[in-house]
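What follows is a short report on a single structure.
The values are calculated or read from the model by the stated rules, or taken from the named source; none is laboratory data. Just so it is clear, the model here is predicted, and its values are computed rather than measured. Using ideal geometry, Cβ is built from the backbone for each residue, glycine included, and neighbour counts are taken over all protein chains shown.
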Amino acid sequence: MSDAIFVMDRYELKYVVTKEQIDNLIQALDGHMKVDKYGKTSIASLYYDTADSRLIRKSLEKPKFREKIRLRSYGLATGDKPVFLELKRKAYGIVYKRRVETKVEDVNDFFDYKLDHVADGQIAKEITYFRNYYGKLVPSCLIIYDRVAYFEEEGDLRLTIDYNPRYRIDNLTLDYSMEGTSLLKDGEAILEVKVQDSVPLWLSHILDKYKIYNNSFSKYGKAYESVHKMTKEERGMYYV
C-alpha cells in the first residue's frame, strides 16, 4: 500500500446490500468500473476513544460535525508492515480523511504520551492536536472486513464492497487475528459509493433498478450498539 492516498475529501454513500443485490450490481458494473489491483483485501481498523466512549456516542447522535480516530492495517500488522493512523471527520455530508503511515510501536507510545508526534508533517500535527484535545484515548473496538474496491478509469468515482464486516472488543491489537463477531446477517455486505461531486446517472439507474437504497451505517457505531445490548455478564466475558 505504498501508493496509498493520505488526504481524501469526498461524499460517501453507504448501503446495506443482500447477496442477490451484490451479484446483480457486480454484473451491471462491467464496462463501467474495474476491480483495483489489490483485489479482495482484509482490512482491520482499531478505533480509539475516551474511557466513556465520548467519540462514538457523539457520532451516533448524528451532529453536523463528527470525528473519529483509528489505526488501520491491510492484513495482520506483522513484522515491519506499515500501518496508517487516520483522522476521519464528517461535516455537512462531506467526509474528510487525513492519515499518516507509521508503526504500531510508535502509535502505542504516542497514545501513552511518550511521543509528541507519530510521524512528520502537517497531518501528524493535526493528529497530535486531536489527541491532546480529547485527552487519554484507548483502544475501544476493532472493525474488520474483506473489501473489494472498484474504480472508474476516467473519473473520480470509487465503489467498495465490504464483505463479512465484523468486530472485536477483546484482543485489541492488529497482529492477533482477523476474527470477530458479525455485524450483519449472513450474505449481507456494505456497499460504499465515494465521489467528489455527484453519483453519475448510470450508477443511479443501476442502484434504483436493484432497489439499493442509501442508509446511514457506521461499523463502529453498530458494534458499539451491539455491545451495549449485551447483559453485564455477557460484556464481562470480553474483559476477564
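Side notes on the structure shown:
- Note on segment 105-149: among residues that are in contact with a helix residue (DSSP H, G or I) (Cβ under 6 Å, 6 or more places away or on another chain) and more than 20 Å from residue 78 (Cβ to Cβ), the one that is surrounded by the most Cβ atoms within 10 Å (Cβ to Cβ) is 141.
- Qualifying positions in segment 161-183 - buried (at least 20 other Cβ atoms within 10 Å of the Cβ), within 18 Å of residue 23 (Cα to Cα) and not charged (D, E, K, R): 161, 165
- Failed condition for residue 226, given (1) out of contact with any Asp or Glu (no Cβ under 9 Å at 6 or more places or on another chain); (2) surrounded by fewer than 20 Cβ atoms within 10 Å (Cβ to Cβ); (3) in a loop (DSSP other than H, G, I, E, B): (3)
- If the condition is being basic (Lys, Arg) and more than 23 Å from residue 56 (Cα to Cα), then segment 148-167 contributes only 158.
- 1 or more residues modelled with pLDDT of 95 or more and polar (S, T, N, Q): qualifying strands (runs of 3 or more DSSP E) within segment 39-154: 65-74, 94-102, 138-151
- Whichever residue in segment 187-218 is at pLDDT below 95 and among the charged types (D, E, K, R) and, among such residues, is surrounded by the fewest Cβ atoms within 10 Å (Cβ to Cβ): 197
- For segment 1-29, a residue qualifies if it is at pLDDT below 95, not in a strand (DSSP E or B) and not polar (S, T, N, Q), and the qualifying residues are 1, 3, 4, 5, 6.
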